[in-house]
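Engineer: Attaching a single structure in structure tokens format; questions to follow.
The values are calculated or read from the model by the stated rules, or taken from the named source; none is laboratory data. Computed from a predicted structure; not experimentally measured. When we count neighbours, we look across all protein chains shown, and the Cβ atoms used for this are built from the backbone with ideal geometry, even at glycine. To get the accessible areas, we keep the full protein, side chains included, count just its heavy atoms, and leave off ligands, DNA and RNA. Shrake-Rupley method; radii C 1.70, N 1.55, O 1.52, S 1.80 Å.
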Amino acid sequence: MTSEPEQQIGVGTQDAFQRLWTPHRMAYIQGENKPTGPGAGDGCPFCAIPAKSDEDGLVVQRGEQVYAVLNLYPYNGGHLMVVPYRHVADYTDLTAAETAELAELTKQAMRALRTASGAHGFNIGMNQGSVAGAGIAAHLHQHIVPRWGGDTNFMPVVGHTKVLPQLLADTRKMLADAWPTA
């Protein structure tokens with residue numbers, strides 16, 4: 001599809017760029033849903049999510065110690081996080097049972113993402129502390145980001161925009177249906 005550049009009166013020099021607006025990202029930039037403090041009662045979204053339905057909380061799988069949830073601001077489609085129910089900030093403070101189940105749900109998430117979307121690889125990790133990049137440092141969470149050959153293109157590099165091909169509710173259902181039973 002080709003079109004003439006849209007005239008942009010009053011916004012600087014007219015150019016030939018098309019604009020892909022992503023206003024949902026402004027919520028993240030402005031800190032929406034971020035806790036007001038470090039305590040579990042300070043608006044921690046990871047403490048609130050388990051009380052919601054799986055669909056409303058975007059929960060893909062629930063374990064006894066941890067749960068898997070879609071990231072509201074994903075790097076790639078299917079970007080999951082494995083989160084302990086207990087409000088704990090540091091990996092070294094997890095119990096043995098929490099550590100084991102976090103590892104097991106991470107493996108299950110990888111299997112589900114391979115089954116559901118054919119992921120070629122993964123970025124898996126935790127940002128410990130705000131100085132290390134943790135958006136919500138007070139409640140530990142491990143990221144599982146599926147990757148595909150060629151999944152990085154000009155949009156994030158030049159346009160600082162990530163194009164996601166599927167709504168989060170549809171991604172949650174797809175992954176929940178593909179989650180391994182054992």
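Engineer: Only residues that are of a type in the set (D, E, K, R) and without any contact (Cβ under 8 Å) to a residue 24 or more places away in the chain: list them for the range 94-113, please. Let's see the steps before the verdict.
Structural biologist: Going residue by residue through the range 94-113, those that are of a type in the set (D, E, K, R) are 98, 101, 104, 107, 111.
Scanning the range 94-113 gives a single hit, K107.
Engineer: Among the residues of the range 74-116 satisfying the criterion of being in contact with a Gly (Cβ under 9 Å, 6 or more places away or on another chain) and of a type in the set (D, E), which is least open to solvent (accessible area, probe 1.4 Å)?
Structural biologist: Per the stated criteria, the residue is E101.
Engineer: On to the next question. Mind counting the residues in the range 64-73 that are surrounded by 14 or more Cβ atoms within 10 Å (Cβ to Cβ) and in contact with an Asp or Glu (Cβ under 8 Å, 6 or more places away or on another chain)?
Structural biologist: The qualifying residues number 2.
Engineer: Can you find a residue that is modelled with pLDDT of 75 or more, under 22 Å from A132 (Cβ atoms) and in contact with an Asp or Glu (Cβ under 9 Å, 6 or more places away or on another chain) anywhere in the range 44-63? Break it down stepwise before answering.
Structural biologist: Here is the first cut: in the range 44-63, the residues modelled with pLDDT of 75 or more are 44-63.
With the extra rule that they be under 22 Å from A132 (Cβ atoms), the set shrinks to 44-47.
Next, from what is left, pick out any that are in contact with an Asp or Glu (Cβ under 9 Å, 6 or more places away or on another chain): none.
No, the conditions are met nowhere in the range 44-63.
Engineer: Also, I was wondering about something else. Does N76 qualify as being modelled with pLDDT under 95 and touching a strand residue (DSSP E or B) at 6+ places or on another chain (Cβ under 8 Å)? Break it down into steps so the answer makes sense when it comes.
Structural biologist: Details: modelled with pLDDT under 95: yes; touching a strand residue (DSSP E or B) at 6+ places or on another chain (Cβ under 8 Å): yes.
Against the criterion (modelled with pLDDT under 95 and touching a strand residue (DSSP E or B) at 6+ places or on another chain (Cβ under 8 Å)), N76 qualifies.
Engineer: Can you tell me which residues in the range 12-31 are touching a Leu at 6+ places or on another chain (Cβ under 9 Å) and at pLDDT 65 or above? Let's see the steps before the verdict.
Structural biologist: So in the range 12-31, the residues touching a Leu at 6+ places or on another chain (Cβ under 9 Å) come out as 24, 27-28.
Correct list: H24, A27.
Engineer: Follow-up. Give me the pairs, please: first residue somewhere in the range 120-139 and within 19 Å of M110 (Cβ to Cβ), second residue anywhere and open to solvent by 50 Å² or more (accessible area, probe 1.4 Å) and among the aromatic types (F, W, Y), beta-carbon distance under 6 Å, and either six or more positions apart or on two chains.
Structural biologist: H120/W148
Engineer: Please specify each residue of the range 102-121 satisfying the condition of being touching a helix residue (DSSP H, G or I) at 6+ places or on another chain (Cβ under 9 Å) and of a type in the set (V, I, T).
Structural biologist: Within the range 102-121, just T115 meets the criteria.
Engineer: Here are the criteria: (1) of a type in the set (A, V, I, L, M, F, W, C); (2) open to solvent by less than 40 Å² (accessible area, probe 1.4 Å); (3) out of contact with any strand residue (DSSP E or B) (no Cβ under 6 Å at 6 or more places or on another chain); (4) more than 17 Å from K34 (Cα to Cα). Tell me which single one A137 does not satisfy.
Structural biologist: Of the numbered conditions (1) of a type in the set (A, V, I, L, M, F, W, C); (2) open to solvent by less than 40 Å² (accessible area, probe 1.4 Å); (3) out of contact with any strand residue (DSSP E or B) (no Cβ under 6 Å at 6 or more places or on another chain); (4) more than 17 Å from K34 (Cα to Cα), the odd one out for A137 is (4).
Engineer: Can you tell me which residue within the range 117-129, out of those that are open to solvent by 30 Å² or more (accessible area, probe 1.4 Å) and small (G, A, S), is farthest from the chain's Cα centre (by Cα)? I'd like the intermediate steps shown before the answer.
Structural biologist: Residues of the range 117-129 that are open to solvent by 30 Å² or more (accessible area, probe 1.4 Å), as a first pass: 117-118, 120, 122-124, 126-128.
Right, trim to small (G, A, S) and you get 117-118.
Details: S117: 16, G118: 18 Å.
Looking at residues that are open to solvent by 30 Å² or more (accessible area, probe 1.4 Å) and small (G, A, S), I get G118.
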